[in-house]
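One structure below.
The values are calculated or read from the model by the stated rules, or taken from the named source; none is laboratory data. These numbers come from a predicted model, not from an experiment. FYI the Cβ positions are ideal-geometry reconstructions off the backbone, even for glycines, and counts take in every protein chain you see. These area figures cover heavy atoms from the full protein model, side chains too; ligands, DNA and RNA do not enter into them. Shrake-Rupley method; radii C 1.70, N 1.55, O 1.52, S 1.80 Å.
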Amino acid sequence: MKLSVIGAGYVGLTTAACLAQVGHDVFCSESDVEKLAKLQDGVMPLFEPHLEDVIKSVRKAGRLCFGSTEEAIAWGDAIFICVGTPPLPNGDADLSAIEGVARSIAKGAKGYRLVIEKSTVPVQTGGQLQKHLSVHSKNGLSYDVASNPEFLREGSSVEDFLHPDRIVIGVDSPRAEGVLRKIYEPIINQRFTCPIHLCCPKRKEPVFLATDTNSAELIKHASNSFLAMKISFINMVANLCEVVGADVTKVAQGMGLDPRVGPAFLNPGIGFGGFCFPKDVQAFIRIAEKSGCDFSLLKEVEKINQGRVELFIEKIRKELWVVRGKKIAVWGLAFKPNTDDVRFAPALEIGRMLLAEGAIIRAYDPEAMERAKMVLPEIICCADPYEAAEGADAVLLLTEWTEFRNVEWSRHATQVVRPLIRVGRNALPAQELASHGFEYIGIGGVSASRQMAESPLISI
Ligand code: UDX
């Protein structure tokens with residue numbers, strides 16, 4: 001099928017590349033001219049595992065092109081809108097980019113188009129979009145509008161797109177449902193050449209869930225807000241564990257064994273970041289407020305998350321006594337591993353606050369340093385974790401990249417002034433660190449002494 005994707009951010013680029021990978025002919029547009037030029041020259045504007053290889057291969061096969069919005073609108077029978085919906089100062093999602101695309105479609109389309117919102121939008125946006133297209137359409141063309149929320153995680157977006165748990169569509173006509181089924185057919189049946197696995201791991205075929213547009217839009221916001229709630233919940237449990245002398249990793253393990261709870265998203269830390277959770281929780285609060293529903297539960301989720309960084313800094317202040325002039329190594333700047341994205345990254349917020357208190361920050365991140373340096377030019381970027389830790393009074397692990405688990409602790413121990421490791425995410429071998437003389441402080445009562453004292457796990 002001939003498909004168009006408007007917007008080449010993490011979502012748009014992954015959508016365009018993967019739809020081409022499963023056999024469609026895709027035109028992807030980008031309004032940022034510098035970014036577009038990069039894409040046309042074969043240069044990746046962002047880091048995302050597997051994406052570069054997929055793009056190279058589908059471009060070589062002639063199934064993916066990059067160009068302007070107008071060209072994209074003229075190309076596809078179905079148009080995926082993947083533009084940004086950043087937060088406004090009052091927490092509402094800014095839908096001006098979506099409105100702009102709708103105007104361009106109404107002006108430029110020459111035949112029937114299925115317009116699919118993939119950007120995360122407040123409930124009832126589909127209805128507005130439909131109205132807007134009709135009002136601005138000059139040539140009496142018919143449009144269908146559908147919602148197709150994306151559930152991709154940065155860092156594993158290609159895998160998530162090709163091997164999803166579910167594909168949700170919100171449609172108000174059988175025609176729109178038919179087109180979307182046809183688009184996703186290779187993924188629903190898991191019949192395509194997988195660029196990640198030689199032989200894909202056995203898993204269930206994705207559920208294809210068709211709802212009305214409003215419900216599909218709500219599924220996205222409700223899912224992200226629920227996951228954010230799980231994280232804030234476990235972060236509060238972690239606080240409690242520290243006070244009463246329990247270990248949060250064991251508590252989370254015990255909770256997660258109940259299939260009604262599930263083990264995912266129970267890792268405590270310095271809070272959730274990235275471009276989705278913080279803005280989606282805010283937007284969902286606003287949607288509820290505007291609809292007259294009291295969703296103050298989510299306000300607590302947000303408040304708990306906002307308190308994580310301050311709590312972490314407070315602990316550092318206590319340990320270092322005086323922060324001014326101290327050399328602090330920061331391991332990890334991205335909002336999570338396997339991405340170069342630093343938007344709303346708790347690590348950057350911690351760096352910013354420590355710099356403001358007079359600390360010297362020597363940082364290392366495998367992918368995010370270039371972007372982090374643009375936001376916080378005062379940080380000293382280092383070539384590896386060892387260089388960052390040279391002469392350090394404390395090492396802070398703030399993003400759990402695998403690379404940090406493989407550090408040679410004996411080599412590292414000789415470089416620091418004080419062997420103090422405080423983790424923002426429980427991701428290092430506490431016992432091994434202690435055996436090399438490190439003072440290791442985890443989140444939620446995780447410490448080397450506790451790990452050593454523990455009896456082996458008993459499973460029933
Ligand atoms: C999220 C959703 O998972 C995805 O479905 C949606 O499409 C986009 O938003 P993403 O922002 O890429 O994806 O990251 P995710 O893996 O969900 O993590 C979000 C944040 O929560 C990160 O800062 C992460 O470190 C934090 N997190 C996650 C925790 O603090 N604890 C956890 O247990 C899990």
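Worth pointing out:
- Calculated FRET efficiency for the pair LEU198/ARG103, C-beta based, R₀ 35 Å, to 0.05: 0.15
- Relative to the longest principal axis of the Cα atoms of the chain, helix 51-60 runs at roughly 30 degrees.
- Shape category assigned to the stretch 118-263 from the gyration tensor of Cα positions, a/c cut at 1.5: oblate
- Simple spin-label estimate for ASN90 and ASP384 in nanometres, 7 Å along Cα-Cβ: 5.3
- Solvent-accessible area of the stretch 329-460 (1.4 angstrom probe, protein heavy atoms only): carbon and sulfur portion equals 53 percent.
- Stretchable slack from PHE265 to ALA222, in nm (0.36 nm times residue separation minus alpha-carbon distance): 14.0 nm
- Helical contribution to [θ] at 222 nm, DSSP H n ≥ 4, -39,500 (n - 2.57), averaged over the chain, rounded to 500: -13500 deg cm²/dmol
- Looking at the chain, the accessible area is 45 square angstrom per residue; that uses a 1.4 Å probe and ignores ligands, DNA and RNA.
- Förster radius 25 Å - calculated FRET efficiency between THR211 and GLU71 (Cβ-Cβ, nearest 0.05): 0.20
- In this structure, ALA356 and GLU185 have a Cβ-Cβ separation that, at R0 = 60 Å, corresponds to a calculated FRET efficiency of about 0.65.
- Average Cα contact separation per residue, the chain, under 8 Å, 6 or more apart, as relative contact order %: 11
- Among the lysines of the stretch 238-341, pairs that are 8 or more positions apart or on different chains and have alpha carbons within less than 28 Å of each other number 25.
- Just so you know, the Rg over Rh for the chain is 1.00, from Cα atoms, with Rh as the Kirkwood radius.
- Using C-alpha pairs below 8 Å separated by at least 6 residues, the relative contact order for the stretch 253-302 is 21 percent.
- Estimated inter-spin distance, LYS2 and ASP41, nm [label 7 Å along Cα→Cβ]: 3.0
- Charges were assigned to the Cβ only: +1 to each Lys and Arg, -1 to each Asp and Glu. The resulting dipole of the stretch 1-83 about its Cα centre is roughly 240 debye.
- Sulfur and carbon atoms: percent of accessible area, the stretch 39-185 [1.4 Å]: 51
- Ranking ILE380, PRO346, ILE361 by Cα position along the charge dipole of the stretch 333-448, where only Lys, Arg, Asp and Glu carry charges on their C-beta atoms, puts PRO346 farthest toward the positive end.
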